[in-house]
Amino acid sequence: MTPTVPSGTANDRPATHGPLAGIRVIEMAGIGPAPFAAMSLADLGADVIRIDRPVPAEISTAPPERDVLNRGKRSVVLDLKHPDGHQALLRLIDTADVLVEGFRPGVMERLGLGPGTLLERNPRLVFIRMTGWGQDGPLAPTAGHEVNYLAVTGLLASLGAADGPPQVPPPLIGDYAASGAYAVIGALAGLVEAARTGRGQVVDAAMVDGTAHLMAAIYSMLAAGRWNDQRGTNLLDGASPFYTVYETADGKWISVGALENKFFATLLRELQIGPDVYDAADQHDRSQWPRLRDLLAATFRTKSRDHWAEHFATTDACVAPVVTLREGMAHSHLLARRTVLVNDGHIQPCLAPRFPATAHGVPGPSPLPGEHTIEILDEVGLPADELIGTGAARTPTQDRLSSAEGS
């Protein structure tokens with residue numbers, strides 16, 4: 001299946017549109033959840049200024065101009081070890097509503113950019129701090145990545161089949177949901193409070209906290225005896241034959257999520273499994289689950305994935321094809337909603353959530369590091385040419401010249 005994805009241009013969405021139009025965000029360049037949180041704020045219309053470093057980061061998602069996490073932002077390169085670069089950043093932060101950073105605890109303080117300093121200069125600032133372990137606790141100073149944070153919260157042990165090892169998911173739960181999305185929630189709440197009281201504050205967006213928070217329903221079920229603390233044995237983790245995946249005749253997969261009895265009854269009816277073979281009233285009889293799983297597996301193996309997808313497309317049986325990332329781009333529902341699109345020649349997700357009254361559906365482009373250095377410094381009344389001349393600031397032109405001279 002070859003994806004044909006809707007196209008758009010950044011000019012379809014003026015920077016002044018969106019519910020956060022007029023809000024300025026300073027993002028300290030990093031990886032993972034901090035760029036995602038800043039991207040989300042830019043998607044909502046905020047003016048996000050990314051503070052890039054003179055030396056590229058060791059790890060990156062993609063080349064800067066192709067990195068979706070940079071979309072809709074402006075970039076200035078400042079050397080924070082240079083006193084004039086440091087002062088230029090302070091001037092920029094003075095004009096900001098939100099600051100987003102994803103360093104280990106203490107790094108911003110060592111840079112002279114801790115919340116005490118910045119909130120004294122700009123009392124309305126919402127200071128977003130994003131880490132894995134949080135700003136305190138015995139592990140706070142140590143390194144880690146999402147797999148570690150999921151491990152200590154118990155979530156990692158819950159992922160996978162009962163007879164297999166824990167399964168490591170893509171870095172979506174801890175990095176982007178539990179930290180990136182929670183940082184956006186914190187930023188929005190902080191902006192509301194600052195508007196009401198005139199005072200900003202620090203937001204501690206830790207992956208361990210966010211992951212635990214996401215598991216609120218599981219904690220409730222565990223306490224009520226409705227969730228086993230063993231993966232692959234629960235209603236919603238693949239143990240139930242009506243909430244799992246099945247292989248099809250072509251070696252692909254189909255997902256089944258017929259939890260409610262009326263949807264389960266629809267599933268059986270659409271598969272032509274009558275009550276004489278399996279009664280829908282026995283849905284939650286665990287003693288019958290092995291037989292039901294074998295029955296469904298044998299049935300789904302008789303046809304291809306796409307056959308079943310078409311067959312169930314207009315039913316309430318809660319059945320959907322398991323597609324690859326590239327196939328997903330061409331799924332009819334995603335195409336209809338323009339959920340995925342080509343923007344500036346790059347495939348990327350559209351804006352979410354959507355605000356039809358104030359925002360267009362196409363994000364802005366991803367800038368080169370320093371692409372807006374002169375523009376941004378001029379905006380805050382700083383001598384761009386002088387700062388560039390001393391090495392306190394840089395532009396992409398300088399980087400290209402340096403590369404040419406070194407070749």
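A few remarks follow.
- Antiparallel beta bridges, as assigned by DSSP with both residues in the chain, represent about 40 percent of the total such bridges.
- Full extension of the segment from residue 31 to residue 325, taken as 0.36 nm per residue of separation minus the current Cα-Cα distance, would add 103.6 nm.
- Degrees, to the nearest 10: 261-270 long Cα axis against longest axis of the chain: 70
- Among [x] 33; [y] 50; [z] 41, the entry derived from the coordinates for percent of Cα pairs over 31 Å apart: [y]
- Helix 83-94 and the longest principal axis of the Cα set of the chain meet at an angle near 60°.
- Label-to-label distance, residue 167 versus residue 337, with points set 7 angstrom from Cα along the beta-carbon direction: 2.3 nm.
- A straight line joining the Cα centroids of the stretch 315-391 and the stretch 72-145 runs 24 Å.
- Projecting label points 7 angstrom from Cα along Cα→Cβ for residue 61 and residue 217 puts them 2.6 nm apart.
- Cα convex hull of the stretch 346-391, projected area averaged across orientations, nm²: 5.1
- When +1 charges are put on Lys and Arg Cβ atoms and -1 charges on Asp and Glu Cβ atoms, the dipole computed for the chain relative to its Cα centre reaches about 420 debye.
- FRET efficiency estimate (nearest 0.05) - Cβ-Cβ, residue 379 to residue 229, R0 60 angstrom: 0.65
- In Å, descending, principal axis extents of the Cα set of the stretch 51-113: 31, 24, 21
- Net lengthening on full extension, residue 303/residue 152 (0.36 nm per residue, minus Cα-Cα): 50.2 nm
- C-alpha long axis of helix 289-300 to longest principal axis of the chain, angle in °: 80
- Per residue, the average separation of C-alpha pairs within less than 8 Å and at least 6 apart gives the chain a relative contact order of 24 percent.
- Across the stretch 243-337, Cα-Cα pairs more than 22 Å apart make up 27 percent of the total.
- Label positions at residue 236 and residue 253, each projected 7 Å from the Cα along the C-beta direction, are separated by 1.9 nm.
- In this structure, residue 269 and residue 17 have a Cβ-Cβ separation that, at R0 = 60 Å, corresponds to a calculated FRET efficiency of about 0.80.
Bear in mind that the values in this text are calculations on the coordinates, not laboratory data. Every value quoted in this text rests on a predicted model; they were computed, and no experiment measured them. Methodologically, a virtual Cβ is constructed for each residue, glycine included, from the backbone with ideal geometry; neighbour enumeration extends over all protein chains shown.
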